[in-house]
Amino acid sequence: DQFGIQKSLQILGIKDKNPGSSTGTKWIGTNEAFFASISPADGKEIAQVQMGSKESYEAIISQSQKAFETWRNVPAPQRGEIVREIGNALREVKADLGKLVSYEMGKSYQEGLGEVQEMIDICDFAVGLSRQLYGLTMHSERPGHRMYEQWHALGIVGIISAFNFPVAVWSWNAALAWVCGDVCLWKPSEKAPLSGIACQNIAAKVFEKHGMPEGICSLIVGDYKVGELISHDKRVPLVSATGSTRMGKLVAEAVGARLGRSLLELGGNNAIIITGSADLDMAIRGALFGAVGTAGQRCTSTRRLIIHSSVYDEVKSRLADAYSKLVIGNPLDEKNHVGPVIDEDAVNMYLAALKKVETEGGKAVVEGGVMKGEGYESGCYVKPAIYEAENHFEIVQHETFAPILYLIKYEELEEAIALQNGVPQGLSSAIMTLNMREAEAFLSVAGSDCGIANVNIGTSGAEIGGAFGGEKETGGGRESGSDAWKAYMRRQTNTINYSANLPLAQGIKFDI
Ligand code: NAD
């Protein structure tokens, strides 16, 4: 146990066999089977988790409904105080939780720590927000009337999350939902359930310490079947789902059929435009981290580089050189740059994508392949690859969740922007340029069509202060900063008549 995993598991309350359903500090056993969470870093079983069941789901929902009646009446700043303490509890275990995220999911330890830091940051943000859930006042058209709007809590928020950010996505939703007065039921990815159990242990203790009822922070481990229980359940007014576009369409359909609300954070197909006036040192660094960080498994990973013909050859050769220096290996070992992909299925998808780009006419700049030999026993380590390709290739239009980067050449900026926008997804985008006209054109209404558009920053990663999400097949949802909190509340317009008359709006007369 070279990296001290066992000690971290102990600190985080992970046992050999863990029940997977919980209303807070109470865990519920089910008749379902236990399954193993396997680390892609070394192929070893970390611990076992029990699947949730229809029965454990029902027990959680009825407890959550009761808890909501208490929680919604706790003043928002007091709810914020509890979220502040959750942030502090996360600070205490940052290294251990970061290590578990890294070991269970495969991202580098540095990125695991970054993910926990993001949770701490969103807790801080939510604390401030708990005193700023502002509504507007409006001027009534009727004399002696006052009109305003207020924001009320919604109820149970279902959170369905993806494997690649196994803890941060939950906190983006939960920290905001809690200060808004909602209760949360989280279904973490079945590919990283232990990270979810660790978070549940941390947050539930804080609620318990404050004498809050069970059911404000609940967890249920399961696959898509448990996800479907949530998406079809009209007792869950908001379903926040993060994952593939395929999953998002199914969730949107199920939630839409009952006219519930969904908040969707789905796949990306992100590009950096590198113009002729770019600072190439910065462009290469941004592209490199964007393409190979988290082994290409971020929703904001850089998948396409759209490069001006005047710098195309230089960018290509400098990138190839940088890729030749990448060290692939155990993500907990800080000398390595690239860790594994999540599992064998992900490796097969990567291999299928390499084959497909070749049959479509792509040309390898840096060849891919699966790593073999000592240190790669899990079979999940793949080589980051670069291909020269065309934007219209089917494989380029598709989000392959692996470290494959496509190079595309352009002549005119308009063409580059059209290429950047010419995919079904609309999450993150960037331009590398020192030319003000190019930068502003990219940010204008005729520029990038994505939810995130950066200048001289890569596509990968974002700060919690801004609203996070994307357009088109990325699903349209916004989470985290700015006024994303509004998705977690219901707006009510109130008009109060303090006059002795009852005038109708629009001056309508109705007298007997
Ligand atoms: P996935 O779609 O396979 O699974 C995501 C979650 O959805 C899991 O918890 C899964 O159990 C659940 N699920 C699957 N089918 C469901 C159904 N029919 N009903 C309800 N729930 C269902 O995705 P993944 O492989 O875990 O994650 C990778 C994907 O997530 C990529 O496409 C990536 O771009 C996307 N992602 C997007 C964001 C974002 O903020 N836009 C963030 C992280 C990941």
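The values are calculated or read from the model by the stated rules, or taken from the named source; none is laboratory data. Just so it is clear, the structure is predicted and the values come from calculations on it, not from any experiment. Positions of Cβ are backbone-derived with ideal geometry, glycine not excepted, and every protein chain shown enters the neighbour counts.
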Screening 346, 353, 322 for residues that are touching a Leu at 6+ places or on another chain (Cβ under 8 Å) and either in a helix (DSSP H, G or I) or at pLDDT below 95 (or both) leaves only 322
Does segment 263-273 contain any residue that is modelled with pLDDT of 95 or more and more than 16 Å from the ligand (Cβ to nearest atom)?
yes
Kindly indicate whether residue 479 is surrounded by 17 or more Cβ atoms within 10 Å (Cβ to Cβ) and within 18 Å of residue 154 (Cβ to Cβ). yes
Restricted to segment 472-487 and to residues being closer than 22 Å to residue 296 by Cβ and over 13 Å from the mean Cα position of the chain (by Cα), the residue nearest to the ligand (Cβ to nearest atom) is 473
Picking from 319, 326, the residue that is surrounded by fewer than 19 Cβ atoms within 10 Å (Cβ to Cβ), on the phi < 0 side of the Ramachandran plot and of a type in the set (A, V, I, L, M, F, W, C) would be 326
Subset of segment 246-290, residues within 15 Å of residue 407 (Cα to Cα) and of a type in the set (Val, Ile, Thr), comes to 272, 273, 274, 275, 284
Worksheet item: What do you reckon, is residue 211 assigned to a loop (DSSP other than H, G, I, E, B), more than 7 Å from the ligand (Cβ to nearest atom) and free of Cβ contacts under 8 Å to residues at least 24 places away in the same chain?
Response: yes
Selection over segment 45-67 where residues are in contact with a Leu (Cβ under 9 Å, 6 or more places away or on another chain) and not charged (D, E, K, R) yields a count of 8
Of 238, 280, 288, 219, the only residue that is touching a residue at least 12 places away in the same chain (Cβ under 8 Å), away from the ligand (no atom under 15 Å from the Cβ) and surrounded by 18 or more Cβ atoms within 10 Å (Cβ to Cβ) is 288
On the given criteria, is residue 352 more than 30 Å from residue 98 (Cβ to Cβ) and within 16 Å of the ligand (Cβ to nearest atom)? yes
Checked segment 482-510 for anything outside any strand (DSSP E or B), hydrophobic (A, V, I, L, M, F, W, C) and surrounded by 10 or more Cβ atoms within 10 Å (Cβ to Cβ); matches are 484, 485, 487, 505
Flagged in segment 436-454 as loosely packed, with under 15 Cβ neighbours inside 10 Å and either outside any helix (DSSP H, G or I) or touching a Ser or Thr at 6+ places or on another chain (Cβ under 8 Å) (or both), in numbering order, are 444, 445, 446
Scanning segment 459-507 for residues that are closer than 25 Å to residue 397 by Cβ and among the small types (Gly, Ala, Ser) gives 460, 461, 462, 469, 470, 475, 476, 477
Only unsatisfied item for residue 79, checking (1) over 24 Å from the mean Cα position of the chain (by Cα); (2) under 18 Å from residue 153 (Cβ atoms), is (1)
If you go through 411, 394, 399, the only one that is farther than 21 Å from residue 312 by Cα, touching a residue at least 24 places away in the same chain (Cβ under 8 Å) and surrounded by fewer than 13 Cβ atoms within 10 Å (Cβ to Cβ) is 394
Of the residues in segment 92-150 that are of a type in the set (S, T, N, Q) and over 21 Å from residue 188 (Cβ atoms), the one that is surrounded by the fewest Cβ atoms within 10 Å (Cβ to Cβ) is 137
For residue 108, the lone unmet condition from (1) over 21 Å from the mean Cα position of the chain (by Cα); (2) among the small types (Gly, Ala, Ser); (3) under 26 Å from residue 341 (Cβ atoms) is (1)
Among 58, 32, the single one that is of a type in the set (D, E, K, R), assigned to a helix (DSSP H, G or I) and either in contact with a Gly (Cβ under 6 Å, 6 or more places away or on another chain) or farther than 21 Å from residue 99 by Cα (or both) is 58
Taking residue 225 as the residue in question, decide whether it is without any contact (Cβ under 8 Å) to a residue 12 or more places away in the chain, more than 23 Å from residue 474 (Cβ to Cβ) and within 14 Å of the ligand (Cβ to nearest atom). yes
Checked pairs for segment 321-345, first over 19 Å from residue 111 (Cα atoms), second part of a helix (DSSP H, G or I), C-beta under 6 Å and 6 or more apart or across chains, list as 322/288
Counting only residues in segment 160-208 that are of a type in the set (Asp, Glu) and more than 18 Å from the chain's Cα centre (by Cα), the one farthest from the ligand (Cβ to nearest atom) is identified as 208
Restricting attention to segment 465-476, the residues that are among the small types (Gly, Ala, Ser) and more than 22 Å from residue 128 (Cβ to Cβ) number exactly 3
If we ask which residues in segment 198-208 are over 26 Å from residue 261 (Cβ atoms) and either in contact with a Leu (Cβ under 7 Å, 6 or more places away or on another chain) or without any contact (Cβ under 8 Å) to a residue 12 or more places away in the chain (or both), their number turns out to be 3
Of those in segment 293-328 that are within 16 Å of the ligand (Cβ to nearest atom) and not hydroxyl-bearing (Ser, Thr, Tyr), the residue nearest to residue 443 (Cα to Cα) is 304
